[in-house]
Amino acid sequence: MAETVSTGVLTKESAARDITIGVSTGSTTAVSTGSTAGPAGTRVRYYEAGEATDPVVVLLHGSGPGATGWSNFSGNIAAIAEAGFRVLAPDMPGWGDSDAVATVDMDHDRDLVGFLDALDIPAAALVGNSMGGHTAIRFATLHPERVTHLVTMGASLGRGRQKSLFTPADGPSEGLKVLVQAYRDPSPENMKALVEIMTFDKERFATPELTRARSEAALARPDHLRNYVEGLAHGAPIPIRVDRDAVPDITAPTLLIHGKDDRVLPYEVTLWLLANIPNSRAMLLNQCGHWAMIEHAAEFNRLVVDFLSHN
């Protein structure tokens, strides 16, 4: 297994690790950046900080073009690790520097099981944004013994959610339409539109530097872009949805965070989860869009650390 990373020198390069999941030999090990997967497995890039003996927290990113464990959580990894946790932020297969995968072959739960097994982690706290929130919720319904805590931000329940009370129900949200357009054409202009709709404070976050960087990151993996667009007919990015009837059976202490100004996934999803997960509490943040962990990083880090430390 790779050595854990000191948060005092945490950079994208120093935190990066690669691992091969899905290998049937049982000999999977973490390897240095730059290695490739063998024919039997899927290579996953992940970012790590904290001590190997600390409680494990896994950060699960959303589905946008250019989304990675680092781009979603670079403002959170070190802060959570410094509070006494071993933090892991994978690029899910089909995103970032992990292997490409077609939507018809995609199963986020299988990949998360493989990731934890490859690192010999029996249980972890799961912290997921958007698609990553769905992954965490579904994992908690299928593997309750492996989830110590559940934290979601702007969580998705997949397509076909319950009838909407407060928001339009005539198809994809305004934000999801912009997201799909950015996948079809990840130009800096479309990325600017994407960041603007993901955040409340557009002047701070939709800068030319950020939108150009996200555009370049997306364009660097045309296989991911192509698979996503081709997979829309097959339910991309969540082809296998959580069984909502199983949500009330979630036993892990749960913290539900949502931006009041989220234009991608409405906060009533969080209200539904709050009503159905017995040991849950919700935090609704004003002047916050879909990226609570980015727009309100300091408050988000305090909330998560306090919740993990006292529940």
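Let me check against my output: what whole-number percent is the relative contact order of the chain, with C-alpha pairs under 8 Å and at least 6 apart?
Rounded, it is 17 percent for the chain.
Plugging the Kirkwood radius over Cα pairs into Stokes-Einstein for region 145-236, at a temperature of 20 °C and a viscosity of 1.002 mPa s, what D comes out in µm²/s?
In µm²/s, the coefficient is 141.
Extension gain Lys12-Arg302, at 0.36 nm per residue separation less the Cα-Cα distance, in nm?
Residue separation times 0.36 nm, minus the Cα-Cα distance, leaves 102.2 nm.
What is the ratio of the Cα radius of gyration of region 70-153 to 2.2 N^0.38 Å, with N the residue count, to two decimals?
After normalising by residue count via 2.2 N^0.38 Å, the value is 1.07.
Determine the sum of side-chain charges near Ala124: Lys and Arg each +1, Asp and Glu each -1, restricted to other residues whose C-beta is under 10 angstrom from that of Ala124.
+2
Put one equal scatterer on each alpha carbon of region 252-311, apply the Debye formula with no solvent term, and list log10 I(q)/I(0) at q = 0.16 1/Å to two decimals.
At q = 0.16 Å⁻¹ the computed log10 ratios are -0.49.
With labels modelled as points extended 7 Å from the Cα through the Cβ direction, what inter-label distance (nm, one decimal) is found for Thr53 paired with Val180?
Using points 7 Å along Cα→Cβ, the separation is 5.1 nm.
Within 10 Å, at most 15 other Cβ atoms, and a DSSP state outside H, G, I, E, B define an exposed site. Report the longest part of the chain free of exposed GluC sites (Glu not before Pro).
Longest site-free region, per DSSP loop and neighbour criteria: 52-311.
Taking the Cα-to-Cβ direction at His234 and at Leu165 and moving 7 Å from each Cα, how far apart do the two end points lie in nm?
3.7
Sticking with the crude label model, points 7 Å out along Cα→Cβ, report the distance from Ser309 to Ile121 in nm, one decimal please.
Here the modelled spin labels are 2.1 nm apart.
May I ask for log10 I(q)/I(0) of the chain at q = 0.09, 0.12 Å⁻¹, from a Debye sum over the Cα atoms as equal point scatterers with solvent left out?
The calculated log intensity ratios at q = 0.09, 0.12 Å⁻¹ are -0.40, -0.74.
With N denoting the number of residues in region 109-266, provide Rg(C-alpha) divided by 2.2 N^0.38 Å, to two decimal places.
So region 109-266 has a normalised radius of gyration of 1.12.
What shape does region 164-205 take by its C-alpha gyration tensor, where a ≥ b ≥ c are the square roots of the eigenvalues and a/c under 1.5 counts as rounded, a/b above b/c as prolate, and the rest as oblate?
Verdict is oblate for region 164-205.
For a Förster distance of 22 Å, can you work out the FRET efficiency between the beta-carbons of Arg204 and Arg241, rounded to the nearest 0.05?
Step by step, r from the Cβ atoms, then E = 0.05.
Would you tally the net charge around Thr103, using a Cβ to Cβ cut-off of less than 12 Å, leaving Thr103 out, and scoring K and R as +1, D and E as -1?
Surrounding charge for Thr103 is -2.
For the chain, please report how many Lys pairs fall under 27 Å Cα to Cα, leaving out neighbours fewer than 8 apart on the same chain.
Value for the chain: 10.
What does the helix-only formula give at 222 nm for the chain: each DSSP H stretch with n ≥ 4 adding -39500 (n - 2.57), the total divided by the residues, and the result rounded to the nearest 500 deg cm²/dmol?
Taken over the chain, the calculation gives -10000 deg cm²/dmol.
Once you keep just the Cα pairs under 8 angstrom separated by 6 or more residues, what percentage relative contact order results for region 46-131?
40
Bear in mind these aren't lab numbers, they're just calculated from the coordinates by the rules spelled out. Quantities reported herein were computed from a predicted structural model and do not represent experimental measurements. Positions of Cβ are generated from backbone atoms using ideal geometry, with glycine treated the same way; all protein chains shown enter the neighbour counts.
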